[in-house]
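Sharing a structure, written as structure tokens. Questions coming.
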Amino acid sequence: MVSRRILLGGLAAGLAAPVLAHAEGYQETKTPPVWKRKARRTAKALSTQPGDKAALDKALKTVKPLEGAEPEAPTAVSGVQVQPAKPIPSISPDEVLGRLKQGNAIFARGGASLVLPSAARIGELAAAERPFAVVVACSDSRVAPELLFNCNLGDLFVLRAAGPTVGPEALGAIVYAVDTLGASLVVVLGHTKCGVVGAAVDAATRKTRPTGVFEAMLAPILPAVFDAQGEKAADLHDAAARRNARNIASRLKVADGILAERIAQGRLKIVPATYDLTTAQVAFEA
């Protein structure tokens, strides 16, 4: 049993897991699948060559699909018979954008109503999902995309991280939603009065370096702060939030071959937007 002093020391140094592993006599005997050669090659392409379409395509093609057949669709939910979901025709990016704009207009004027999905609808979604848009949003509790756009279960494929920020894992989820699920719009949603962006602004203006996990969280947002400083914005905080959304959207357009191809074909749009906490309105830059 590891002592409390050693464990606390390990926590302070970010070494809690190794300390506990040592205390429990754990020894790694098998290389996790994620670190096998093919997965490493894909991860390297995603992290070091975000703009190289050919390299990304080559790396992604070398990764085999998951083994095993598709899971069978459930036949009943709460006593309601369920039929497998029928293929849904893809919706154009402009149609989806219009739907989100309309939904936010309803929400902003206080007309939104949360209608819980029926048992039949839940059953349909259990068989398959077909979200029409991807929303990359901040973790802030006041920024819930399903509510802001007056949407419901199964409508949006949502990724949330403070800022927001997008790493390799989130990029993979976005590509999956577009390529496999058929989403035709990606919205990168920043918001006013963002606490994480405010912390990045403080770090940049006071020239202080955040420590521990906060350094990794704020580092991707700092370039947006520097860009906003160059724009001489009156409100640096909110300007940095808008710039961060723009920067992420710009990077996503060249971060993966599948996304770039869909954009070139007119089947996908990646749009930055900012939610105003005061007015409840979303300003799309499209």
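The values are calculated or read from the model by the stated rules, or taken from the named source; none is laboratory data. Predicted, not measured: the structure shown is a model, and the values here were computed from it. In this analysis, Cβ positions are derived from the backbone assuming ideal geometry, glycine residues included, and neighbour counts consider all displayed protein chains. Keep in mind that these areas ignore ligands, DNA and RNA; they rest on the heavy atoms of the full protein, side chains included. Shrake-Rupley method; radii C 1.70, N 1.55, O 1.52, S 1.80 Å.
Between Asp94 and Val254, what is the FRET efficiency for a Förster distance of 30 Å, r being their Cβ-Cβ separation, to the nearest 0.05? Could the numbers behind the result be given before it?
Working: r = 22 Å, r/R0 = 0.72.
Rounded to the nearest 0.05, the efficiency is 0.90.
I'm a student and want to see the number: the projected area of the Cα convex hull of the stretch 93-284, averaged over all directions, in nm². Display every interim value, and only then the final one.
Details: hull surface 46.8 nm².
One quarter of the hull surface, i.e. the mean projection, equals 11.7 nm².
Same structure again: Could you tell me the center-to-center distance, by alpha carbons, between the stretch 165-242 and the stretch 129-146 in angstrom?
For the stretch 165-242 versus the stretch 129-146, the Cα centre distance is 16 Å.
What does the extension gain come out to for Leu116 and Thr279, with contour length at 0.36 nm per residue minus their alpha carbon separation?
Values: separation 163, 0.36 × 163 = 58.68 nm, distance 2.55 nm.
My answer for the length gained is 56.1 nm.
Considering only the other residues whose Cβ falls under 10 Å of the Cβ of Asp140, what net charge follows from Lys and Arg at +1 and Asp and Glu at -1?
+3
From the C-alpha coordinates alone, can you work out the Kirkwood hydrodynamic radius of the stretch 93-175, in Å? Intermediate results must be reported in sequence, preceding the final value.
Working: mean 1/r = 0.0718 Å⁻¹.
Radius from the Kirkwood sum: 13.9 Å.
Can you sort His237, His191 by 1.4 Å-probe accessible area, starting with the largest? Kindly include the intermediate steps, with their values, before the conclusion.
Numbers: His237 55, His191 0 Å².
Order by accessible area, largest first: His237, His191.
If I take every Cα pair under 8 Å that is 6 or more residues apart in the stretch 93-284, average their sequence separation and divide by the length, what percent do I get for the relative contact order?
24
Also, I was wondering about something else. Provide the solvent-accessible area of Thr205, counting protein heavy atoms only and rolling a 1.4 Å probe, rounded to the nearest 10 Å².
70
So, R0 is 25 Å and r is the distance between the beta-carbons of Ala264 and Asn152; what FRET efficiency does that work out to, to 0.05?
Working: r = 32 Å, r/R0 = 1.26.
It comes to 0.20.
Then there is this: With r as the distance between the Cβ atoms of Glu129 and Gln229 and R0 = 51 Å, compute the FRET efficiency 1/(1 + (r/R0)^6) and round to 0.05.
E between Gln229 and Glu129, to the nearest 0.05, is 0.80.
Moving to a separate point now. Take Leu222 and Tyr176, extend 7 Å from each Cα along the Cα→Cβ direction, and tell me the distance between the two endpoints in nm.
3.1
For a quick check of understanding: with a 1.4 angstrom probe and all protein chains in place, what accessible area in square angstrom does Phe226 have, to the nearest ten?
That residue has around 110 Å² of solvent-accessible surface.
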